[in-house]
Amino acid sequence: MKLSDCSDEEQQALTALQSRIGRTHLRHRLALEGEHEAHVFRRGTHFFHLENWFSVHALMRATLTLVGLHGRGRRNALRIQLCEQELALPSLPRSFDGYTLLHLSDLHLDVGEVFVDSLIDRVRGLDYDACVLTGDYRFRTFGPPGPAMDALERLRPHLQGPVFAVLGNHDSIRMVPRMEAMHMRVLLNESVPIERDGQVLHLAGIDDAHYFRTHGYHRAADGIPPGACAVLLSHTPEAYRHAAHCGFDLMLCGHTHGGQICLPGGYPILTDADAPRAYARGAWRFEHMLGYTSVGCGTSIVDVRLNCLPEVTRHRLRCAR
């Protein structure tokens, strides 16, 4: 896909975005999306990607129905839990002690209105300082982004405070202008300062590091002063090693769904991420950097969850001194 293939309205919006992220990033992302829309799947780590083999999806649904688990799994997918995390960061400015981030990941909003209603019910009335979204707003990895954006517009009034987001491997860069029109800041290898009582917490976000691989750690980190406290939003935990080496104190991510369909005890059968299994769900640490991988709000491939309930997570930041 090229910029000239977009509608006149999209071209105008994306040209404005190009001035911020650069022509190469925009051109690269659009070209990869065009290949994906044409089902030109790259070999290597993505050739046997379950999300791209659609005949497998029907087989999974049929198998779950045959063993009597499909209905239960669909009900589980609507049982969205609120998880609470306390994260101690040594370099966190004192004025941010107790600062809270509501973390939503892997929303896959166009799966159906019943799911969107459940998510709205879960987040409505929660108290927090800012909301962060770590990608995958569309159920499929291709197709028109409009239905997912329509659902996001339904959700947005129920998210309070500033909202920051990154894109995932299910998302199109064509979503960004509409998301930002909803007063969400989409971070595309960028960082923003958050000020509180004269002190600053830096929040950065990278583009998808799983399928499109258009992430840029250095661009995201270069504007952050040495020694400053910095939180990175990434769709996938696969970015963990480079994120730590770039000096981030905390990385929030998703993508894995915690396995989504797990063995009893929550042990994931598949995680679809080139990262240690210990990083597939919940809190973890790599060297000095803390991390948290959300099991996600929504579902992918099939709209069921087994032994892995969906979640939204409220992270409370604490000074570790």
Condition first: assigned to a strand (DSSP E or B) and of a type in the set (A, V, I, L, M). Now tell me which residues in region 284-296 satisfy that. M289, L290
Taking the conditions exactly as written (in a strand (DSSP E or B) and either in contact with a Ser or Thr (Cβ under 6 Å, 6 or more places away or on another chain) or in contact (Cβ under 8 Å) with a residue 24 or more places away in the chain (or both)), does L317 satisfy them or not? yes
If I ask for residues that are farther than 16 Å from L30 by Cβ and either in contact (Cβ under 8 Å) with a residue 24 or more places away in the chain or of a type in the set (A, V, I, L, M, F, W, C) (or both), which ones from region 155-169 would you list? L155, R156, H158, L159, Q160, G161, P162, V163, F164, A165, V166, G168
Candidate set: region 284-300, residues that are in contact with a Pro (Cβ under 8 Å, 6 or more places away or on another chain) and of a type in the set (S, T, N, Q); chosen: the one nearest to L133 (Cα to Cα): T293
Among Y240, Y217, the single one that is out of contact with any His (no Cβ under 7 Å at 6 or more places or on another chain), among the hydroxyl-bearing types (S, T, Y) and closer than 25 Å to F96 by Cα is Y240
Would you call P268 at pLDDT below 95 and closer than 18 Å to D136 by Cβ? yes
Residue under question is V192, and the condition is that it be surrounded by fewer than 17 Cβ atoms within 10 Å (Cβ to Cβ), β-branched (V, I, T) and in contact with a strand residue (DSSP E or B) (Cβ under 8 Å, 6 or more places away or on another chain); does it hold? yes
Quickly run through region 271-283 and pick out the residues that are without any contact (Cβ under 8 Å) to a residue 24 or more places away in the chain and within 16 Å of D249 (Cα to Cα). none
Only one of (1) in a helix (DSSP H, G or I); (2) over 17 Å from the mean Cα position of the chain (by Cα); (3) not hydroxyl-bearing (S, T, Y) fails for L119. Which number is that? (2)
Just a yes or no: is a residue in region 226-246 at positive phi and assigned to a loop (DSSP other than H, G, I, E, B)? yes
Filter region 7-63 for residues that are among the aliphatic types (A, V, I, L, M) and not in a helix (DSSP H, G or I); the one that is modelled with the lowest pLDDT is V40
Among the residues of region 64-107, what is the count of those that are over 30 Å from D197 (Cβ atoms), modelled with pLDDT of 95 or more and small (G, A, S)? 1
What number of residues within region 250-283 are surrounded by fewer than 24 Cβ atoms within 10 Å (Cβ to Cβ), touching a helix residue (DSSP H, G or I) at 6+ places or on another chain (Cβ under 9 Å) and in a strand (DSSP E or B)? 4
Considering A130, A209, A165, which residue is small (G, A, S) and more than 24 Å from E238 (Cα to Cα)? A130
Here is a list: T134, T141. Which entry is at pLDDT below 95 and buried (at least 19 other Cβ atoms within 10 Å of the Cβ)? T141
Got at least one residue in region 155-167 being part of a helix (DSSP H, G or I) and out of contact with any helix residue (DSSP H, G or I) (no Cβ under 8 Å at 6 or more places or on another chain)? yes
Any chance region 276-283 includes a residue that's within 20 Å of C131 (Cα to Cα), over 18 Å from the mean Cα position of the chain (by Cα) and basic (K, R)? no
Is there a residue in region 93-107 that is out of contact with any Ser or Thr (no Cβ under 9 Å at 6 or more places or on another chain), on the phi > 0 side of the Ramachandran plot and not basic (K, R)? yes
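The values are calculated or read from the model by the stated rules, or taken from the named source; none is laboratory data. These figures come from a predicted structure and were not determined experimentally. Note: ideal-geometry Cβ built from the backbone for every residue, glycine included; neighbour counts use all protein chains shown.
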